[in-house]
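Structure, as structure tokens:
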Amino acid sequence: RITYYQAGVATQLGYYQNPDTNNPAGQALNPQPIIQLQDFAGNAVSQAGVVVTATATSNVAGGYASVINGTATTDAYGRATFSGLSIVATAGTVSLAFSSGSLTPPTPATVTVTAGTASKLTVTPPATATAGTFNVTVALTDAAGNPVANSGASGNSTAQSFTLGGTNAFTLAGT
């Protein structure tokens, strides 16, 4: 006698493929997570059309985190395959959580976010300044404001003009 078991109704989400756990800010996770619908016993449930949402929370004091391409819809096998999911966050650890309505979510994944690709110069004027010579801080950062080390960029900048008194305005020229 052969006994067949059929999975029950979806009650929870589980990992079919875990997300990357070490990733530069703003770059797509590789591998991308795949979330599986499961019944109460952890068996895969085949059901298409269920939307799964990814959210990120920074574990860094004063940090922030957000996701790009943070939704995926289950296919006929009950799998939500994310595409282009990335985390923009303060460098450090981030909790990446997945949810869908009343389904019990899986344990959030911990992702270590490192500085991403250099994308901007961040200029920080001095806290206080008087007429004359003073220093500004110029840093190469990624889109999330994380300092990018060893970018290979170099150059010199000099303050061409500045105004003190009510407004700090700087014009920088560099090579």
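The values are calculated or read from the model by the stated rules, or taken from the named source; none is laboratory data. The shown structure was predicted, so the numbers you read here are calculated from the model rather than taken from an experiment. Glycine gets a Cβ as well: all are built from the backbone with ideal geometry, and neighbour counts include every protein chain shown. Quick note on the areas: whole protein, heavy atoms, side chains included, nothing else; ligands and nucleic acids left out. Shrake-Rupley method; radii C 1.70, N 1.55, O 1.52, S 1.80 Å.
A few points about this structure:
- The residues of the range 1-86 expose, per residue, 57 Å² of accessible area to a 1.4 Å probe.
- Environment charge of Gly49, counting only residues whose C-beta is closer than 14 Å and scoring Lys/Arg +1, Asp/Glu -1: 0
- 1.4 Å probe accessible area per residue over the range 89-129, in Å²: 51
- Put simply, the amide H of Leu85, placed in the peptide plane, has neighbours under 5 Å in Leu29, leaving out anything fewer than 5 places away on its chain.
- The listed residues Val138, Val67, once ranked by accessible area (1.4 Å probe) with the largest placed first, stand as Val138, Val67.
- Remark: the Thr21-Thr107 segment gains 29.6 nm on full extension, using 0.36 nm per residue and subtracting the alpha carbon distance.
- Solvent-accessible surface (1.4 Å probe) assigned to Val123 amounts to roughly 70 Å².
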